[in-house]
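Here the structure comes first, spelled out in structure tokens, and everything after it is commentary.
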Amino acid sequence: MVQFLNENGEFAVASKEHEIYAQFIRDLRESDFLKFYRDMARIRRFDNEATALQRQGQMGLWVPAVGQEGAQIGSGHAVGPNDNIFPSYREHGVAITHGVDLMSIIKMFRGVNHGGWNPYEKKFHLYAIVLGAQTLHAAGYAMGVNFEGKVATGNPEIDEAVITYFGDGATAEGDISEALLMAATTNAPLVFFCQNNQWAISSAVETQTKVPLYRRGEGFGVPGIRVDGNDVLACYAVTKKHMDDARNGLGPYLIEALTYRIGAHTTSDDPSKYRDAEQVAYWQARDPIIRFEKFLRSQGIGQDFFDEVQAAGDQLAAEIRETTFALPEPELELIFDHVYSEPHPLIEEQRAWLRGFEESLGGHTPTDDGENKVDYGGSR
Amino acid sequence: MANTVELSIAKALNAGIRKAMQDDPKVLVFGEDVAKLGGVFRITEGLLDEFGSKRIFNSPIAESAIVGTAIGLAMRGFRSVAEIQFDGFVYPAFDQIVSQLAKLTNRSEGHLKMPVVIRIPYGGGIGAVEHHSESPEAYFAHTAGLRVVSPSNPNDAYWMIQQAIQSADPVVFLEPKRRYWQKGQVELDQPALGLHQATVLKPGTDVTIASYGPMVVTSLQAAEIAQAEGVSIEVIDIRSLSPIDFGVIVESVKKTGRLIVAHEAGTFVSISSEIAAKIAELCFYYLEAPVIRVGGFDVPYPAAKLEELYLPDADRLMEAVDRVMAY
Ligand SMILES: Cc1ncc(C[n+]2csc(CCOP(=O)(O)OP(=O)(O)O)c2C)c(N)n1
Ligand SMILES: [Mg+2]
């Protein structure tokens, strides 16, 4: 397992083989370290605020990523500006490394839309709820990059790679095996980033695999490596190396980031039913943010910086709360938009019917009280 | 002078795909055995020589991956023509089709276009082993976000495949495999119809038979038999199963007052169920008889020695004609 920061935040390169990764840490400047810390703290703060908002009825569901900030911020910052990201549904940290507006994630879990951000703008694709499905989209996209010859040109302005995120449980899905195979046989510039947070709802990782997950790709021809997912520097370096390699035409790679889901699976989950408090405590003691704070302090970063980050978090939380409470309800007729890219008579017929029905209620929309439920009998 | 050639449905599909690949360098063709072999039905024969292995290539035997990567390629600006080898093997790709491909444009609020064509040879009548003779159209027609079409003749095969490839939306393209060798004239200059239009193939006054794909020929046969018995049948080729061009059917039923809808698939919760319901609603005062559905039975597709019993033929259509004429 690649690790550069031990639990006390002390930097060390454990073995010679890890030197190929360590060089990427040496290239970093202090401002990069501070950025990593700021982003981890920012996303933790956001996450906790989102859970609170869910508890107050502002969102249908929240999916916390607490504990996985090292894996997400480290890997996310290693993804280059031309590269595309195909996430699962817990990648809030990766999202902020590529400028996705946090409110669009809130809106999705509030039930305003199914994502809503433009995947082309941030090169961060929509969250994928069907486990593993996005890895095939990533493979197809990466095949397209190959077809366009935007790999191994030697020009960093042109070369591209793709990264896809998924969990330990998702690896059991056939789609991920098919994606590994596709990427291997086409030499696609695709990095598979598995966050092994050791749980898939209530199922421990042993349910999903007999062999360590970083070796899952071997039979398909995709080499892999395990990295300490709670070490932001190791996650950065390992991802950087294999994204660079993919861009340079060396093909796909599988990274398993060993981390832990500190929180519940979602706000609907009760993890006390299936796991011990001791296990949680063990991993809390290995918190990626605390570990990195120790490192930064050992590098001479003073209390002022941590105070500033704390204040920024308070401000972010206030903004998120305020904006969430002020969100307007979406227009009912939006359900008919973008079902197809080109006109479709059935959709237009049903849209017109609903419009007429609403008008017949005197502008009374069917959802604003219980009495006027839409009658779905008959066809429209 | 009209510029026409005689082609089989198979050759017309081949010519249509070739034309689409010539017209647009973003068009890719892939699936199991489509490259050197040209597919098990030779629909893509010769394309590898003309376009090379970056435009047409064999996929691993992984249907979910075939559709899933077509989606990723669409996100990258390619237009994929993905072949599923046989109808019964589309189900491993079901999630990628109904939850991914069909929904991504909507989920992304229109940012993602999904110009993907999934070609599926479908239907029975070729004496095949299990899983090679199915009619899965209702699953796909039921799914919002998909378009579903099925040509019945070479001219439609040539034009509809090109129109499907040009569509910005995903199209499930159902090819009537037992009619692949059926020949007909193909007009090369321009299509007579849009992708989603139904058409009257034979005008008549007493009964309308609406069908699609492999059953169109059978419907025309029934019309001839009926003619000899003094019953005038109007035959409609529905062509598009989602959306359905109800206008053409409605106009016909207003004239004949009697409608039979025919397909190979079982009739329970089928394309014919939908048409029957819609026509009951739109043509209530014009109907002289209830709409009758003629299809396969609602059983697993039977073994080859029994498929003749399963598949609706002209006699079964005539039995339905007798029934509607009795009202
Ligand atoms: C195809 C599919 N099956 C089941 C589910 C329900 N489900 C949602 S999350 C989850 C567990 C996933 O675990 P893992 O891949 O480890 O990711 P994590 O939640 O730990 O981030 C399950 C079973 C789903 N979303 N998709
Ligand atoms: Mg997990």
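Computed from the coordinates by the stated procedures, all read-outs in this text should not be read as laboratory data. Note that this is a predicted model, so its numbers are computed, not measured. Cβ coordinates were reconstructed from backbone atoms using ideal geometry, including for glycine residues, and neighbour counts include every protein chain displayed.
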By the scheme Lys and Arg +1, Asp and Glu -1, what is the net charge of all other residues having a beta-carbon under 11 Å from that of residue A:105?
0
Taking alpha-carbon centroids only, segment B:260-319 lies from segment B:148-167 a number of Å equal to 24 Å
Sum up the charges of everything whose Cβ sits under 12 Å from the Cβ of residue B:88, counting Lys and Arg as +1 and Asp and Glu as -1, but leave residue B:88 out.
-3
Express in nm, to one decimal, how much length is gained between residue A:172 and residue A:12 on full extension, taking 0.36 nm for each residue of separation and deducting their alpha carbon distance.
54.2 nm
State the antiparallel share, in %, of DSSP beta bridges confined to segment A:16-325, rounding to the nearest 5.
10 percent
Let me have the relative contact order for segment A:16-325, percent, based on Cα pairs under 8 Å that are six or more residues apart.
25 percent
Segment B:78-143 to segment A:53-82: how many Å between their Cα centroids?
34 Å
Crossing angle, helix B:9-23 versus chain B [Cα axis fit, 0-90 degrees, rounded to tens]:
40 degrees
So what is the relative contact order of chain B, in percent, for Cα pairs below 8 Å that sit 6 or more residues apart?
16 percent
Efficiency of FRET from Cβ geometry, residue A:82 and residue A:19, R₀ 25 Å, rounded to 0.05:
0.40
Please work out whether segment A:127-230 counts as rounded, prolate or oblate from its C-alpha gyration tensor, where a ≥ b ≥ c are the square roots of the eigenvalues and a/c under 1.5 means rounded, while otherwise a/b larger than b/c means prolate and anything else oblate?
prolate
P(r) of segment B:7-187 over all Cα-Cα pairs, 10 Å bins starting at 0, rounded to whole percent, reads 11, 42, 38, 9, 0
Please compute the net charge surrounding residue A:139, taking Lys and Arg as +1 and Asp and Glu as -1 over other residues with Cβ under 12 Å from its Cβ.
-1
Inside 10 Å of the C-beta atoms of A:175-181, what's the mean count of C-beta atoms belonging to other chains?
5
Too long at a 20 Å Cα-Cα cut-off: which of B:26/B:113; A:241/A:294; B:255/B:278; A:150/B:19; A:150/B:113; A:241/B:26?
A:241/A:294; A:150/B:19; A:150/B:113; A:241/B:26
Between residue B:6 and residue B:303, 0.36 nm times their residue separation minus their Cα-Cα distance comes to what?
103.5 nm
Can you give the convex hull volume of the alpha carbon atoms of segment B:199-326 per residue, in Å³?
96 Å³
Could you give the nm distance between label points at residue A:121 and residue B:316, where each point is 7 Å from its Cα heading toward the beta carbon?
5.4 nm
Kindly provide the chymotrypsin sites (Phe, Trp or Tyr not before Pro) of segment A:250-310 that DSSP labels as loop, not H, G, I, E or B, and whose Cβ sees at most 13 other Cβ atoms within 10 Å.
A:274
Percent of all alpha-carbon pairs of segment B:152-192 at distances over 17 Å, whole number, is 35 percent
Low-density loop GluC sites (Glu not before Pro), segment A:1-72, at most 13 other Cβ within 10 Å, DSSP non-H/G/I/E/B, are A:10
With label points set 7 Å from each Cα along the Cα-to-Cβ direction at residue A:203 and residue A:315, the distance between them in nm comes to 4.5 nm
For the protein assembly as shown, what does the helix formula give at 222 nm: sum of -39500 (n - 2.57) over DSSP H segments with n ≥ 4, over the residue count, nearest 500 deg cm²/dmol?
-12000 deg cm²/dmol
One finds, for residue A:34 and residue A:285 with R0 = 25 angstrom and r their Cβ-Cβ distance, a FRET efficiency to the nearest 0.05 of 0.55
Test of understanding: express the Cα radius of gyration of chain A as a ratio to 2.2 N^0.38 Å, with N the residue count.
1.07
Average other protein chain Cβ within 10 Å of Cβ, residues A:109-116
2
If one computes the Cα centroid of segment B:1-64 and of segment A:172-216, what distance in Å separates the two points?
34 Å
Give me the orientation-averaged projected area of the Cα convex hull of chain B, in nm², one decimal.
16.7 nm²
Per DSSP, loop trypsin sites (Lys or Arg not before Pro) in segment A:206-286 with at most 14 further Cβ within 10 Å
A:210, A:275
Estimated FRET transfer efficiency when R0 is 45 angstrom, pair residue A:61-residue B:286 (beta carbons, to 0.05)
0.35
How well do other chains shield peptide A:137-150, expressed as the mean number of their Cβ atoms within 10 Å of each residue Cβ?
6
Once segment B:172-274 is represented by equal point scatterers at the alpha-carbon sites, with solvent omitted, what log10 I(q)/I(0) does the Debye formula produce at q = 0.11, 0.14, 0.19 Å⁻¹?
-0.34, -0.56, -1.03
If a/c stays under 1.5 just call it rounded; otherwise compare a/b with b/c (prolate if a/b is bigger, oblate if not). Do that for segment B:176-222, with a ≥ b ≥ c from the square roots of the Cα gyration tensor eigenvalues.
oblate
Could you order the peptides A:152-165, A:329-342 from most to least packed, using the average number of other C-beta atoms within 10 Å per residue?
A:152-165, A:329-342
In whole percents, the bins of 10 Å from zero upward hold the Cα-Cα pairs of the protein assembly as shown as 3, 14, 21, 21, 17, 12, 7, 3, 1, 0
Relative frequency of Cα-Cα separations exceeding 19 Å in segment A:1-146, percent
59 percent
